[in-house]
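Worksheet: one structure, shown below.
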Amino acid sequence: MEEGLAQNSVPPSGPIDKSRILDVKPMRSLIPVFPMSPQAPASGQYPSGFSPFFPFGGPQQGSSGAPRGGAIPAPIQAYRSPVGAGEGGTSMDGSSGRKNAASRSARSAAKRNKKAVGVPVDASGLVGISPAQREDGSREVVHLIMTTFDAIRRRICQLDDAKELSSGSIKRSDLKACNTLMSKGIRTNLRKRVGAVPGVEIGDIFYFRMELCIVGLHAPSMGGIDSLHVKGEFEEEIIAISIVSSGEYDDEAEDNDVIIYTGQGGNFNKKDKHVTDQKLERGNLALDRSSRQRNEVRVIRGIRDGANPNSKIYVYDGLYKIQDSWVDRAKSGGGVFKYKLVRVPGQPSAFAVWKSVQKFKSGFPSRTGLIIGDLSSGAESIPVSLVNDVDNVKAPAYFTYFHSLRHPKSFSLMQPSHGCSCGKSCVPGDLNCSCIRRNGSILVSRRPLIHECGPTCQCFPNCKNRASQTGLKHHMEVFKTKDRGWGLRSLDPIRAGSFICEYAGEVIDQARLNQLAKEGDANEYVFDTTRIYEEFKWNYEPRLLEEVSTNDSTEDYTMPYPLIISAKNVGNVARFMNHSCSPNVFWQPILYEENNQSFLHVAFFAISHIPPMTELTYDYGIASSGHAGGSRDSKGKKRCLCGSSKCRGSFG
DNA sequence: GTACCTTCATCATA
DNA sequence: CTATGATGAAGGTA
């Protein structure tokens, strides 16, 4: 997931030191703020009690034959060999496109940072992307920029929500956030190029056009065609370097590897204007030239977001070449250009994965390797499927499926209990809610502890300050990995910051943990907050919006209370999540009151946007020394197979 | 659920 | 150099 760094020269002199350049701000809650979704359908409570899990019983057992075959595309990012990332080499350099590449602000910033080597710290001392990084990205820089964008965007959302001005104010958090980043020069891959963009991988997903823009995948904020001037044989000519296919037009997708793309311009689709033909200029001209040059064109596919039908998700589907072009006539009669793009073979599948998932969901044809349709047996409102298409193992060892903690450990309250008395539902920015107020000031980042509303509160159960209590929101799947046992992934895309699941199980104490250690498999299905976790911080909210003051910039990231959970006998999907040294999921301590007592829970949230079918992983951390029977050093550890460039080699 | 309608930011052209 | 225009966006409203 992290390879391809040093590919395009100009090494930004080492990884970014986030702790130095970034200022993490406290946030109010971890609920993902989507501009318009009602967020919680609140489709009722869980059926009380436990639901037993019978791996071999029941009528819905999968077909008997050995599940095998390639019906399920491999996870996009999980096990990529280093080959895919670094094609780079053949890029035609956009020499002429370069002259106007830098925006004014970027230029001035570049001037300021002229001498700066490595991580630049801008005048205010906080965030910076070096001039080199601004021109050519890397996985790390892209990740940083995406995360920063989303952090700022959410904060703007929360501020808007809290103000509740609603005086017809247009809430374009994406534009505002983009503005902020652009003006600070926080963007990358500004140098246009043909072919792969360093740091952006095939299968990566985006929730706004602006995200494509700031990572340099596709520059125009609205337009579907991005182009570049190159030196032709005799004169300069323009070629296409990327397109966005929104699927809404007349673009046809006969199969996963072919797109019939319609040119731009012409009033053939508007009803007020009179019909005009498209002209062979701008993007159309670029596509035309590219069909002769046969250069690679990046393709981004726009897909309707199932969870949020009003918005779209953009999937980077890799490189295509224009194989054919012709003139056609739209229904309205206007002449249009058509271009046939064919996917360059040998690339990891991206859009094809989405298509397969659609088929899985429609249940037709029945899926290869499906063992159980819902291993939660109804305990979750969305089924949890169990599949194995790599070997003959039929099911994980027996356990009881339960959605939360059993025998939860309670803590005496610091103050007398008072849940909030909000009338309906609490929103993240609202300081009138006493629960939200306990979380301190605004924001959405990882916190030492987050207070959620609970049963004691007056607010509705679908209140937004109960993110971790509303059950699974995504169609999760337990699947057999090639070399790491069972793993967890989602059939749905997961937006950065979204709640994924709680770590369910039985709360145990240190003595019991030590006993398990002696028995051998202490690490199996145990979550232990007393372990040492690197990089506890997430969501590097930079101090970009001046109007918000930091009242607590120095935060203690040690755990407030120890909590050890065993999911060996009782648990939910979280027990199947594997370790990775560069994970896409983080855990977060959550506290809420129930029966006049406070209970601590552990919940998981997405670090970044996660495409469907990508394995979900979090960092298991390192066993703290000084307990657990002393000799845990090399014995209790397992060789790490996460494959990350930052891999520590072992875990446990 | 669809159809407009308003306000957007960017980059290439003029 | 700066202004202008084209443009498969997003969100809200009818």
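The values are calculated or read from the model by the stated rules, or taken from the named source; none is laboratory data. Remember, it's a predicted structure, so these values are computed and weren't measured experimentally. Cβ coordinates were reconstructed from backbone atoms using ideal geometry, including for glycine residues, and neighbour counts include every protein chain displayed. For accessibility, only protein heavy atoms count, side chains too; no ligands or nucleic acids. Shrake-Rupley method; radii C 1.70, N 1.55, O 1.52, S 1.80 Å.
Details
- Only residues that are in contact with a Gly (Cβ under 7 Å, 6 or more places away or on another chain) and within 16 Å of DNA strand C (Cβ to nearest atom) were counted across the range A:193-215, and they come to 1.
- Flag if A:PRO345 is open to solvent by 40 Å² or more (accessible area, probe 1.4 Å), modelled with pLDDT under 95 and not charged (D, E, K, R): no
- In a residue-by-residue description of the range A:174-182, the property of being modelled with pLDDT of 90 or more, over 22 Å from A:SER311 (Cβ atoms), buried (at least 24 other Cβ atoms within 10 Å of the Cβ) and not charged (D, E, K, R) applies to no position.
- Enumeration of residues in the range A:237-256 that are at pLDDT 75 or above, within 16 Å of DNA strand C (Cβ to nearest atom) and surrounded by fewer than 23 Cβ atoms within 10 Å (Cβ to Cβ): A:ILE238, A:SER246
- Once the range A:502-534 is narrowed to residues that are open to solvent by less than 30 Å² (accessible area, probe 1.4 Å) and of a type in the set (Ser, Thr, Tyr), the residue that is modelled with the highest pLDDT is A:TYR503.
- The residues of the range A:228-241 that are touching a Leu at 6+ places or on another chain (Cβ under 8 Å) and within 10 Å of DNA strand B (Cβ to nearest atom), listed by number, are A:ILE238, A:ILE241.
- Residues of the range A:352-367 satisfying the condition of being modelled with pLDDT of 85 or more and not basic (Lys, Arg): A:ALA352, A:VAL353, A:TRP354, A:SER356, A:VAL357, A:GLN358, A:PHE360
- Residue in the range A:588-606 that is among the acidic types (Asp, Glu), at pLDDT 90 or above and either crowded, with 22+ Cβ neighbours inside 10 Å or over 27 Å from the mean Cα position of the chain (by Cα) (or both) present: no
- When the residues of the range A:204-219 are filtered to those that are of a type in the set (A, V, I, L, M), in contact (Cβ under 8 Å) with a residue 60 or more places away in the chain and within 10 Å of DNA strand B (Cβ to nearest atom), the one that is surrounded by the fewest Cβ atoms within 10 Å (Cβ to Cβ) is A:MET210.
- In the range A:207-227, the residues that are at pLDDT below 95 and hydrophobic (A, V, I, L, M, F, W, C): A:MET222
- A:GLY128 vs. criteria at pLDDT below 85 and assigned to a loop (DSSP other than H, G, I, E, B): yes
- Residue within the range A:222-232 that is within 12 Å of DNA strand C (Cβ to nearest atom) and of a type in the set (A, V, I, L, M) present: yes
- Taken over the range A:183-206, the residue count meeting the criterion of being at pLDDT below 95 and in contact with a Pro (Cβ under 9 Å, 6 or more places away or on another chain) is 3.
- Any hit, the range A:547-565, residues being at pLDDT 75 or above and either in the same structural domain as A:SER349 (by TED's automatic domain parsing) or in a strand (DSSP E or B) (or both): yes
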